[in-house]
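In what follows, a single structure is set out as structure tokens and then discussed.
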Amino acid sequence: MTPPTQPLELRDIHLPDPISWWPPAPGWWWVLGLLGGMVLLGGLLWRRARRNRLRKTALAELDRLVAAYATHQDDHRLTGELSALLRRVCLAPLWPAAATVQEVAGLTGVAWLHFLDQTLPDQPFTQGPGRWLVSLPFQRLSPALPEEERTALIALCRVWLQIYTVPKRRASLKGVRGGLSPPVGSRGNAPGGAGGEAPKTASPLPIPPG
């Protein structure tokens, strides 16, 4: 007679825990870092391309204004158009982290010149040929600009357009607004004591598509 067999003491089969997605393998960190770097580089290149297109458009507009002057020979009109061109560049939708459009658009008179001076050394707008941008347009009875002054002003505007970068901190406008003079366009407050008419609101300079 066969003796009864004893049951084997076997343990239940336990499946391993599922592989967790976190933390990812080191290789995935490299992939994520590479993708992030590519996105950042693409954004920087895109902004640089837009900035270059804006400068090219602004310089072409400057050449157009200079060519038009050869026809109308009006220094008051030329200086007003040059000032408006510089302001349109400042208002272009290219600097979202910079000083707000309202702050830049509200600068007039000496404050506007001080703002332009932040791009170049030696204060060429308040102390040099750039001062004509706020004085001559509102002095309709003043004589025409000497040729050397006109040439220097156009050259100054060209250099400013080539290297301009809007201030990236609001603090950069505090000193400008601290000495804000009455609006250039207000009656009796134009630079040089001459009366003037209110300046027209400048529209942002459009950036052509790439």
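The values are calculated or read from the model by the stated rules, or taken from the named source; none is laboratory data. Owing to the predicted nature of the structure, the values given are computational and were not obtained by experimental measurement. Cβ sites come from the backbone with ideal geometry, for glycine too, and all protein chains shown count toward neighbours.
Structure notes:
- Residue pairs meeting the criteria (Cβ under 7 Å; at least 6 apart or on separate chains; first free of Cβ contacts under 8 Å to residues at least 40 places away in the same chain, in segment 116-134; second assigned to a loop (DSSP other than H, G, I, E, B) and crowded, with 24+ Cβ neighbours inside 10 Å): Asp117/Phe125
- Selection of first residues in segment 44-56 that are in contact (Cβ under 8 Å) with a residue 40 or more places away in the chain and of second residues that are polar (S, T, N, Q), restricted to Cβ pairs under 9 Å at least 6 apart or on distinct chains, gives the following pairs, ordered by first then second residue: Arg51/Thr165; Arg55/Gln162.
- Qualifying residue in segment 111-122 (condition: part of a helix (DSSP H, G or I), modelled with pLDDT under 85 and crowded, with 17+ Cβ neighbours inside 10 Å): no
- For segment 125-134, the criterion of being buried (at least 21 other Cβ atoms within 10 Å of the Cβ) and not in a helix (DSSP H, G or I) is met by at least one residue.
- When residues of segment 135-155 are limited to those that are buried (at least 21 other Cβ atoms within 10 Å of the Cβ) and of a type in the set (A, V, I, L, M), the one farthest from Arg64 (Cα to Cα): Leu136
- No other residue among Ala68, Ala49 is modelled with pLDDT of 90 or more, surrounded by 12 or more Cβ atoms within 10 Å (Cβ to Cβ) and not β-branched (Val, Ile, Thr) apart from Ala68.
- Residue in segment 131-147 that is closer than 26 Å to Lys56 by Cα, under 21 Å from the mean Cα position of the chain (by Cα) and either at pLDDT 55 or above or of a type in the set (A, V, I, L, M, F, W, C) (or both) present: yes
- Where a residue in segment 146-166 is touching a residue at least 60 places away in the same chain (Cβ under 8 Å) and hydrophobic (A, V, I, L, M, F, W, C) and its partner, wherever it lies, is surrounded by 12 or more Cβ atoms within 10 Å (Cβ to Cβ) and outside any helix (DSSP H, G or I), with Cβ under 6 Å and at least six apart: Trp160/Thr119; Val166/Trp95; Val166/Ala98
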